[in-house]
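Some notes on the structure that comes next.
None of the figures in this text is laboratory data; all of them are computed from the coordinates on show. Predicted model only: the values in this text are computed from it and were never measured. Every residue, glycine as well, gets a Cβ built from its backbone with ideal geometry; the counts of neighbours run over all protein chains shown.
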Amino acid sequence: MRDNPRTTVISAVAGVVLLAGVFAFTVLVPKLGDDDAEATYVGSAEPASGPVATADGPVTLPDKIGDQLVAVDLGTLPADLAQRFGDLGALKKQEAAITDGLDDVFDAQGAFRVYAAADGSAIAQVTALDKAPGLFAPDALPVAPSAIGVTRAASELVKVDDAVCSVSWPAEVPKGTAVDPKVQPQGVRCQMGVGERTYELTSQGLTVKESVANLEALASA
């Protein structure tokens, strides 16, 4: 495993499945441009473009998402990383139980799977549900930083492309202080609707744009 400041991510959360959030969109969120530090406000979220997912057959999640994330339950991660997740049989049972719970709660086909980067730099929990997105339950409210006297709040609700993301930063950036682009978020939870299907990714070790890119890769697969 390479020397990477983000490699401690897996150690912090390996072996623990935490299902965060419910499925939905909010009606007012800041939209990130090319620079994550700049946000403007937009109206209600629109469904993502591209092929429309259908509810025919069971919902499945792939063994790999994009170029970075691999399903932990495959057992293909490097040995020193895989051992941090403990018993993969127990993980598979948790994933199956959560999938059953999604079906029961939402009366729709769903799927849940845990992914990780092979270098230990990131972990992600991914959910898919054959139900159109509704109200997004954010960890932060969509308030402009200027309204609360900071350059960037410790928690943000932002829109990137067709996804809505709740972002947690290590600390707020005080007013008059520039945002350091090298500072990575502590956690990102993004959701995107494609037709009648909703995808959600909760990650540590990924930037906001990386999280969205993985959702887009998943939706277009």
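Summary table below
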item: C-alpha center-to-center spacing [segment 151-166, segment 94-118] in angstrom; result: 25 Å
item: Stokes-Einstein D in µm²/s, Kirkwood radius over Cα pairs - segment 94-221 at 25 °C with 0.890 mPa s viscosity; result: 157 µm²/s
item: Label point distance in nm, LEU88-LEU74, each placed 7 Å from Cα along Cα→Cβ; result: 1.0 nm
item: Linear extension gain, ASP161 paired with ALA178, 0.36 nm per residue minus alpha-carbon span; result: 3.7 nm
item: Reachable lysines, given that their alpha-carbon falls under 28 Å from the alpha-carbon of LYS175 and they are not under 8 places away in the same chain; result: LYS31, LYS159, LYS209
